[in-house]
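Derivation of every value follows stated rules applied to the coordinates shown; laboratory data play no part. Note that the structure is predicted; figures quoted are calculated from it, not measured. Every residue, glycine as well, gets a Cβ built from its backbone with ideal geometry; the counts of neighbours run over all protein chains shown.
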Amino acid sequence: MNARRTARGLSLHAVVWLIGAFVVVPLVYAVISGFKSTGELTTNPFGLPEHWKTGNYTGILGDGMFWRQIANSAGIAIGTTCCTVAASAMAAFALARYAFRGRELFYTLFTIGLMFPFAVAVLPLFLLLRNVDLLDNPLGVILPQAAFGLPMTIIILRGFFRTIPAEIEEAAVMDGCGKFRFFWKILLPMARPALGTVSVLAIVASWNNFFLPLLVFNDPKWQTIPVGVQQFQGQYSTDYALVLAYIVLAMVPALAFYAVAERQLIGGLTAGATKG
Amino acid sequence: MPSSVSTLTEERTQDALPVAPPAPARSLLRGLRSWASVAWFLVPALVLFLVFVLAPIAVAVYTGFFKWSGTGPMDDFVGIENYTKLFDDQVFLGDLGHGLYLITLSITVQLPFALFTAVLLNQRLRGRAVYRMLFFAPYILSEVVTAVLFTMIFLPGAGMADHLAGALGLEGLRGKWLSDPSTVMPTLFVVMTWKYFGFHMMLFLAGLQSIPGELLEAASIDGAGVWQRFRHVTLPLLGPTIRISVFLSVIGAIQLFDLVWVMTAGGPNHSSETMAISMFQFGFKRYQVGYASAISVVLFMISLVFSLFYQRYALRRDLSGAVTSGGGR
């Protein structure tokens with residue numbers, strides 16, 4: 001009996017390790033290859049580097065362009081998140097706690113936004129942004145991203161706002177608290193966990209977006225990390241080790257953010273998926 | 001709209017919102033005032049949504065009826081010619097085929113694999129929290145980073161995959177991977193699985209955790225084996241989660257762009273092209289904006305029709321079940 005259980009445990013672990021290898025090997029390959037020269041990468045693809053060459057990594061880190069892209073991505077992510085969370089919180093408040101005619105119509109309007117693939121809108125969006133002179137302007141990425149983030153954010157926030165008991169609002173109103181003060185001073189502080197979740201989702205979506213920044217930014221000084229990664233690969237396409245070092249460094253902020261915000265991220269994604 | 005029914009149903013019971021029944025004389029004034037404050041709260045989101053989501057889609061529909069290079073006046077109205085051309089276009093028909101291919105493989109290979117992993121990590125297993133976190137990690141990376149990583153891995157000659165194929169005796173695959181029409185789609189699918197199975201695994205884990213342990217216990221007391229318990233208890237109760245997973249896989253495959261654009265740009269010779277790639281090629285590289293808009297519209301119609309039908313016929317059954325009560329954690 002005991003032996004059987006041990007055997008079963010061992011084979012379970014073996015399978016998990018196999019799946020783990022599928023996930024990890026590409027990542028480890030990239031990290032280690034970043035320490036090699038491209039010549040060594042061809043002759044010694046799997047082993048540890050003979051000389052740990054740090055030049056690939058330090059070279060990129062010493063280049064202002066990389067940091068510029070990180071800063072652009074961060075700024076755009078923060079801008080997008082502020083816009084989408086602020087607009088969604090207000091709308092979700094109205095849709096959750098006001099009784100007015102047409103409320104469900106508005107809510108439905110936002111929820112069907114979930115079915116609109118970004119790819120559908122991107123071409124006319126580009127034409128629109130060109131007409132209003134928002135190309136090579138961070139707002140040209142922030143505003144559309146915020147708009148496409150609305151449906152999910154509104155659905156999650158409205159769900160949360162509904163769980164806050166009406167008695168709290170009644171008590172606040174009795175104490176002479178207006179709708180807006182209630183929203184700002186009582187509801188939002190109470191909704192902090194939900195706001196955290198939707199913010200984390202918005203940040204990740206913005207950080208990883210590629211299609212829109214690719215079209216909007218011609219000027220390299222605005223390029224975000226995903227666009228920068230693609231450009232870098234094009235530029236140094238024969239220096240494989242250097243390209244791998246670049247993507248390893250580009251992964252670090254996302255993975256660090258994941259390590260910090262893991263709970264909100266997974267909770268939000270699963271809740272968002274099941275509610276959408 | 002079915003997508004919002006989830007919240008509609010629970011709503012009726014708690015609809016006693018804090019708007020007191022007004023005295024008849026003051027009701028009009030009150031109504032107006034409440035409308036005014038509602039508007040105040042709704043306007044920012046509505047404006048954003050109308051300008052950047054709905055208007056572009058309307059513009060795409062309109063532009064799809066013209067032959068237009070993207071600059072100058074749009075005055076060459078061609079009716080549905082763009083659409084008739086589209087369904088004669090071998091490249092576009094290929095796009096549809098590639099979409100179907102990825103959808104089929106996602107449902108028959110990737111989702112079962114994710115479910116298997118979820119069941120595995122739902123067991124008492126040392127370090128399972130670490131494994132879960134690890135398997136989910138690729139989902140956090142952007143598609144571009146993933147694409148460049150695997151471009152390097154599948155590089156003919158120098159890439160890891162070629163060395164691996166050599167070591168495993170799969171000489172036939174060397175130098176092919178992303179650069180041969182016969183292997184490019186399976187290779188793409190492997191990359192998609194690498195990136196996305198962890199997300200579906202997390203969904204399934206959330207679903208598994210909502211299955212009451214007593215049910216499985218009862219089944220095992222009744223003499224059900226491991227497989228029978230899985231087949232007759234776990235799987236049916238996971239139905240809602242599986243249907244959502246399928247839904248997200250299909251929508252994701254329909255609009256796939258970043259990953260393919262960076263890895264193959266649709267090549268070699270259009271053999272991995274997706275609808276979004278064709279749209280991008282025609283709209284931004286070949287300046288046939290009217291034609292590209294028509295592709296956007298078809299892409300839109302496919303996702304819309306699919307979503308509506310799917311929600312009507314597949315997700316409807318779940319309305320009283322786990323999906324609506326919020327699922328998640």
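Observations on the model:
- The stretch B:143-187: projected area of the alpha-carbon convex hull, averaged over directions, in nm²: 3.0 nm²
- With distances taken between every two different alpha-carbon atoms, the stretch B:52-104 has a Kirkwood hydrodynamic radius of 13.0 Å.
- For the stretch B:224-234, Karplus couplings with θ = phi - 60° (6.51, -1.76, 1.60), whole Hz, Gly/Pro x: 6, x, 4, 5, 4, 4, 5, 5, 9, 10, 5
- Rg/Rh for the stretch A:114-166 (Cα atoms only, Rh after Kirkwood) is 1.17.
- Neighbour-count ranking [beta-carbon atoms within 10 angstrom, fewest first] of B:227, A:67, B:68: B:227, A:67, B:68
- From phi via Karplus (6.51, -1.76, 1.60), per-residue ³J(HN,Hα) for the stretch B:304-313 in Hz, x at Gly/Pro: 5, 4, 4, 4, 5, 5, 5, 5, 5, 9
- Value in Å of the Kirkwood radius, where the stretch A:6-105 supplies the Cα pairs that are averaged: 19.2 Å
- Computed [θ] at 222 nm, deg cm²/dmol, chain A (DSSP H ≥ 4; -39,500 (n - 2.57); rounded to nearest 500): -25000 deg cm²/dmol
- Pairwise alpha-carbon distances in chain A exceed 26 Å for 58% of all pairs.
- Residues of the stretch A:205-244 with amide N under 19 Å of a point placed 7 Å along Cα→Cβ from residue A:58: A:241-244
- Each of B:188, A:118, B:92 was placed along the dipole of the protein assembly as shown (beta-carbon charges, centred on the mean Cα), and the one lying farthest toward the positive end is A:118.
- Check: the stretch A:76-204 dipole with +1 on Lys, Arg Cβ and -1 on Asp, Glu Cβ, in debye: 140 debye
- Cβ-to-Cβ counts within 10 Å put A:111, A:197, A:84 in ascending order as A:111, A:197, A:84, the fewest first.
- If R0 is 60 Å, the Cβ-Cβ spacing of residue A:186 and residue A:65 corresponds to a FRET efficiency of close to 0.85.
- Descending semi-axes in Å of the stretch B:103-158, equivalent ellipsoid built from Cα gyration tensor: 26, 17, 11
- Charge dipole magnitude, Cβ of K and R +1, D and E -1 - chain B, Cα centre, debye nearest 20: 900 debye
- Alpha-carbon Rg/Rh ratio, for the stretch B:155-270, with Rh computed the Kirkwood way: 1.16
- Whichever lysines have a C-alpha closer than 16 Å to that of residue A:36, once near sequence neighbours (fewer than 8 apart) are set aside: A:53
- Interchain or long-range residues, amide H under 5 Å from residue B:66's placed H: B:78
- Residues B:177, B:35, A:52, A:222, sorted so that the one with the fewest Cβ neighbours within 10 Å comes first: A:52, B:35, A:222, B:177
- Chain A, relative contact order in percent, only Cα pairs under 8 angstrom and at least six apart counted: 31 percent
- Computed over the alpha-carbon atoms, the protein assembly as shown gives an Rg to Rh ratio of 0.98, Rh here being the Kirkwood radius from the mean inverse distance.
- Relative contact order for the stretch B:81-327, counting Cα pairs under 8 Å that sit 6 or more residues apart, in percent: 26 percent
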